[in-house]
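Working notes for the structure below.
All of the numbers you see were taken from the coordinates with simple rules; none came from a lab. Predicted, not measured: the structure shown is a model, and the values here were computed from it. With ideal geometry, Cβ positions are generated from the backbone for all residues, glycine too; neighbour counts draw on all protein chains shown.
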Amino acid sequence: MRIYTPTLYYYQLGMVLNAAIRNTPDSEVSRYFGKVPIDAINFSLGEPIFPPPDSVKKSFAKSIMEGSGRYSSVQGLPDLRKAISDKLERENNVMSDPDDILITNGANEAIAIAILSLVDNGDEVIICEPSFPAFKPLVKYCQGVPKPLFLKEENGFRLDLEELKEAVSDKTKMIVINTPHNPTGSVFDKNTLKSISEICNSHILVDEVYENLVYGVPHCSIASVAGNPERIITVNSFSKTYCMCGYRLGYMHATDDLIKSFMKLKLYLSVCTSMPIQVAGIAALKDKNYPKLIRRELSVRRNILLGGLRGLKIPFVEPDGTFFVFPNISEWGNDMEVHEMFLKAGVLAMPGSIFHPDCSKNIRFSFVADPQDIREGIIRLEGLLA
């Protein structure tokens, strides 16, 4: 019998894994999931703490009890796709048809399907940085070339259109944008989005999962203003708007030809999205009041955190969207040093370099926690930074 030591096993595993997965880095974000120290105030959360609407929970449970555990179609339930199509026209001013929708297991699967389906060896993909950590590894997995386009703090984390023009080349296959933007909280305005579509004659993959979470500014879908809407691939999910992160329900909107192509990969990745979860999604879209309630609740928490950061004299760009703020902590050290310093004081935040190595001057705070916990976190930081 052959006995494997850990060293030998991992050496041999490295020999049999394909080059793409060998070169795919472990996720730094995963280090923080479920590892909050006891009694720490958690400012690292990337999900709302509220329960989904009662109608969602009841519809999900009823669907299970009635035995809807069979496969759905690869593309997703027609009723859910129709509800999403209606929502896009009503709320996003995007002309849509149920055939233009693919239901996915969260926004992550949608992002993966789009990138894996479109990016080839040597293709350049412009990514607005800092960014959600899934984008770059997927591009590299395809042997594509990620090209950073920085949202600079001194520019209010807004996109510089002149820099975008310089970044575009004849090798550009795709640009990836996220608005409202994680981790900075910036929101791309209508004119910027229209200009992006005019500058880029390639596919534009836009992540709009935080669309409901805007404060005093409107969210605009690029597909509603683009001169070339057939090149827009919109990704969204139910995770933030309806607090359904664990349900893993997302969708993508594109031309029906692209959707048919994406369905090939969807079939081989996951066959379909769970039927009871799709039924729950239909119930969510019928609740017009819940998204407004969540936005109001998060607006209160946002004001508490931003007021606390001002009192601590920690500089930041005021976020117009999401539930994040990305303050500059360089006065006290780099992001990892400050992360450890805050943690010793009982406050957990997310180092900025997780979102890009050049963001070591920043740290991400989330304001989804209970208001009293946010206040307590600020008090702890007062004692630390005094």
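Some points to look at:
- Along each principal axis, taking the top coordinate minus the bottom one, the Cα set of segment 287-362 gives 44, 27, 23 Å in descending order.
- Normalised per residue, the volume of the convex hull around the Cα set of segment 64-132 (Å³): 159 Å³
- Mean Cβ neighbour count within 10 Å, used as a protection proxy, ranking 358-371, 54-67 highest first: 358-371, 54-67
- For the chain, the Kirkwood hydrodynamic radius comes to 22.0 Å, computed from all pairs of different C-alpha atoms.
- Relative contact order for segment 76-224: 21 percent, from Cα pairs under 8 Å spaced at least 6 residues apart, divided by residue count.
- Cross-link pairs exceeding 27 Å in C-alpha to C-alpha distance, out of Lys58/Lys288; Lys190/Lys240; Lys260/Lys292; Lys87/Lys173, comprise Lys260/Lys292; Lys87/Lys173.
- Charged neighbours of Thr192, selected by a Cβ distance under 15 Å, balance to -2 (K, R count +1; D, E count -1).
- Estimated vicinal HN-Hα couplings, Hz - segment 85-93 in sequence order (Karplus 6.51, -1.76, 1.60; Gly, Pro = x): 4, 5, 5, 4, 6, 6, 9, 10, 6
- Ranked by how many other beta carbons lie within 10 Å on average, peptides 157-164, 219-226, 306-313 from highest: 219-226, 157-164, 306-313
- Environment charge of Asp320, counting only residues whose C-beta is closer than 13 Å and scoring Lys/Arg +1, Asp/Glu -1: 0
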